[in-house]
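Each remark here refers to the structure printed beneath this line.
The values are calculated or read from the model by the stated rules, or taken from the named source; none is laboratory data. Just so you know, these numbers come straight off a predicted model, no measurement behind them. Cβ placement follows ideal geometry from the backbone for every residue including glycine, while neighbour counts extend to all protein chains displayed.
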Amino acid sequence: MANLVISARCNMACPYCFASEYLDGQSGNIPGHASPYIDLETFEDRLDFLDRSNIDEIRLIGGEPSLHPRFPEIIQRAVKRGKRILIFTHGLLTESALTSLEVLPPERVTVLVNMNASRSGDEPSQKEETHRRKTLLRLGGRVQLGFTIFQPDFELDFLIPLMVETGCQKSVRLGIAQPSLNGRNRYLHPKQYISVGRRLADWAERAGRLGIWMGFDCGFVRCMFSESDLERLNKAGAGIAYRCNPILDIDLKDKALHCFPLGDKFQTDLKLTLTAGELRAILEDKAKPYRRAGIYKECTICSYKQNGECMGGCLAAAIRRFQLAKININI
Amino acid sequence: MKNRIYFCPAGVEWVKNTDGILVINRNQSQSYLLMGLESAVWSWMSLSYTYPRLVGMLSELEGISRQEAGQKLKRLLEAWRVIDILEVRETSHG
């Protein structure tokens, strides 16, 4: 799999955004690149790359992908190549973007709407919520809800009536806000994970009774859940995973990134001869020495990490624990 | 008389974990786990302790003479140089 950046611009200001540092989403400026949007010729090259890598799904990311001025044409081109489409969006879609997506059958497209994206950098405004609700109503079962946890007292209950009213998928994809390497964004500190784990189990129990499924993005760790929390999550059928195996991000400058938080540290050129799997292997090799560590100092002796059940949390968070060696000793 | 200065090349990073200190040479994609005495010495060196002070602390910790501690420390530094987490340069000292 591979995520394709088609727009470096974003018109939100989410405090937890770990891509803004790499993309400069507010201005859309990319040093050494003329436009904040992918041109159609390059997009065709990306489609070739997916074909060569035997990837049937196209995953469009940003910035905000729907801000691309030729978004409907991009969708059409992906459809013509027979790709299944996955879009990561803030959900405040323009009329033309909505129209281009609502004509597609739900089995051909998933629109993953981040439900706590906002312009103010705090909670979404009433206006934003109204706009997002309109998107959900129009796209119905094509929409899966997403939520990024960046503070321990997060609230998910508002998602339940939305699912019922709008006909979107009865599932939520949850992400933990992770730090970019310089830690300028807001993120959930590993010390806060246990309280988040308990809250998630509480919510999964309530949502599960209503047939709502909850899935985990990368960065969750096994030790954030007690045995009883885990039992409740399993009973609710939650998609539990403790992984950090990010999907390749391909940016506008023909670079393949390990992931946005580690974009500056681990990247490689998008060579035309290589497949996504081969690029992933190159990037994993660069990151490999750090994999021994985890987000906690105890991760290295943890049986869950040793037996592969848990990867020790987000690699970017683990790497932030490292310090540059400054040894200088005169004998 | 010549001095030997041991220093970390660019790209060496480290982190303290429960089982020891993990040292990484990013340029060579290698990692090393320093445990026990090695871990203690690396920590002291990272605090910029001088060589005489390091020798004194090692002597205390191990219950050995200063001379033995000095030899032990030099062996350790050389071992770290061989695996490229340290480099050495020699300077003339008047």
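Just a few scattered comments:
- Members of region A:251-298 that are surrounded by 16 or more Cβ atoms within 10 Å (Cβ to Cβ), of a type in the set (Gly, Ala, Ser), more than 11 Å from chain B (Cβ to nearest Cβ) and over 16 Å from residue A:179 (Cα atoms): A:256, A:276
- None of A:35, A:118 is outside any helix (DSSP H, G or I), polar (S, T, N, Q) and over 21 Å from the mean Cα position of the chain (by Cα) except A:35.
- Whichever residue in region A:208-258 is of a type in the set (Val, Ile, Thr) and closer than 13 Å to residue A:172 by Cα and, among such residues, is nearest to the chain's Cα centre (by Cα): A:240
- Unmet criterion (only one of (1) touching a Ser or Thr at 6+ places or on another chain (Cβ under 9 Å); (2) more than 17 Å from residue A:112 (Cβ to Cβ); (3) in contact (Cβ under 8 Å) with a residue 40 or more places away in the chain) for residue A:194: (3)
- Residue check, residue A:9 in a loop (DSSP other than H, G, I, E, B), charged (D, E, K, R) and closer than 30 Å to residue A:151 by Cα: yes
- Flag if residue A:125 is of a type in the set (Ser, Thr, Tyr), surrounded by fewer than 18 Cβ atoms within 10 Å (Cβ to Cβ) and modelled with pLDDT under 95: yes
- Where helices (runs of 4 or more DSSP H) fall entirely within region A:240-331, those with at least 2 residues that are closer than 27 Å to residue B:35 by Cα and free of Cβ contacts under 8 Å to residues at least 40 places away in the same chain are at A:276-287, A:303-306.
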